[in-house]
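The values are calculated or read from the model by the stated rules, or taken from the named source; none is laboratory data. Computed from a prediction, not measured in an experiment: that's the story for all the values here. Every residue, glycine among them, receives a Cβ derived from its backbone with ideal geometry; neighbour counts consider all protein chains shown.
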Amino acid sequence: MTDHEAPDASRLVVGILGGTGHQGRGLARRFALAGNQVIIGSRRAGRAQAAAAQIGRQTGPNVRGLANRDTARAAGVVIAAVPWQGHRDLLSGLAAELAGKIVVDCVNPIGFGQRGACPLPVAEGSAAQQAAALLPGSTVVAAFHHVSAVPLLDPEVDRIDLDVLVLGDDRPATDLVQALAARIPGVRGIYAGPLRNCGQIEALTANLVSINRRYKAHAGLHITDI
């Protein structure tokens, strides 16, 4: 977004499907700290409300918890942060509620074995492309794949110095998600190509898991020269 003004993401109501997981709670916490209204979604509303109350003790009253379906209806932008195993069933069941919305997919199809993390094959090419196939009425953008939940949740970490790669086929939507990423202090949203290029972005997470395990770190990515 160097050739035009970035859109204003400060008033976005951000819904997070699977928001009670580590990454979902971490993103919810950071967007709430930035001043956005945040809705945590879960299969069980009570669990979402408990997570929202926990986060709200650090961020203030701009976090609430709802069932996933109600989150999809109420949010302006919806982030899918669910486990890969539940990705298809959840999104296919919410297609009507998510129609007309930007859906940000941050799901990484990776598995774990004795030799460490490895990417899993996806028939559509990537989790984000699967989401686009399941949600024909939504605009799917891929982002936040390489953001560790540990610094997101750490109250002693004020800035998270990394770049978030943003992929999608709709320029206004990717611009808005880049601006949303930049709401987190230290983070840049970087456009990284169309949605068809998301497979290698998701797979790269397995490499970062291996790096983090070897070096006992929470590494992310920086893109140089921009």
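Below are the figures for this structure:
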{"item": "Residues of the range 15-47 satisfying the condition of being without any contact (Cβ under 8 Å) to a residue 24 or more places away in the chain and in a strand (DSSP E or B)", "result": "none"}
{"item": "Filtered residue count, the range 33-50, keeping only those that are closer than 20 Å to VAL150 by Cα, under 17 Å from the mean Cα position of the chain (by Cα) and surrounded by fewer than 23 Cβ atoms within 10 Å (Cβ to Cβ)", "result": "2"}
{"item": "Residue list for the range 130-142, restricted to those being of a type in the set (Gly, Ala, Ser), buried (at least 21 other Cβ atoms within 10 Å of the Cβ) and either part of a helix (DSSP H, G or I) or at positive phi (or both)", "result": "ALA131, ALA132"}
{"item": "All positions within the range 181-209 that are small (Gly, Ala, Ser), closer than 22 Å to ASP154 by Cβ and not in a loop (DSSP other than H, G, I, E, B)", "result": "ALA181, GLY189"}
{"item": "Residue satisfying condition, being assigned to a helix (DSSP H, G or I), in contact with an Asp or Glu (Cβ under 9 Å, 6 or more places away or on another chain) and not hydroxyl-bearing (Ser, Thr, Tyr), within set ALA6, ALA72, ALA52", "result": "ALA72"}
{"item": "Meets criteria (modelled with pLDDT of 95 or more, assigned to a strand (DSSP E or B) and acidic (Asp, Glu)) for ASP163", "result": "yes"}
{"item": "Of the criteria (1) closer than 20 Å to LEU12 by Cα; (2) surrounded by fewer than 18 Cβ atoms within 10 Å (Cβ to Cβ), which one GLY56 fails", "result": "(2)"}
{"item": "Selection within the range 48-70 - without any contact (Cβ under 8 Å) to a residue 40 or more places away in the chain, within 18 Å of ALA32 (Cα to Cα) and not aliphatic (A, V, I, L, M)", "result": "GLN49, GLN54, GLY56, ARG57, THR59, GLY60, PRO61, ASN62, ARG64"}
{"item": "Qualifying position, being touching a residue at least 12 places away in the same chain (Cβ under 8 Å) and either over 25 Å from GLY189 (Cα atoms) or surrounded by fewer than 17 Cβ atoms within 10 Å (Cβ to Cβ) (or both), among ARG115, ARG73", "result": "ARG73"}
{"item": "Residues of the range 143-155 that turn out to be surrounded by 19 or more Cβ atoms within 10 Å (Cβ to Cβ) and hydrophobic (A, V, I, L, M, F, W, C), as a count", "result": "4"}
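One line per residue, one yes/no per condition, for (1) more than 17 Å from the chain's Cα centre (by Cα); (2) polar (S, T, N, Q); (3) surrounded by fewer than 21 Cβ atoms within 10 Å (Cβ to Cβ):
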{"residue": "ASP161", "(1), (2), (3)": "no, no, yes"}
{"residue": "GLY168", "(1), (2), (3)": "no, no, no"}
{"residue": "ALA203", "(1), (2), (3)": "no, no, yes"}
{"residue": "ARG213", "(1), (2), (3)": "yes, no, yes"}
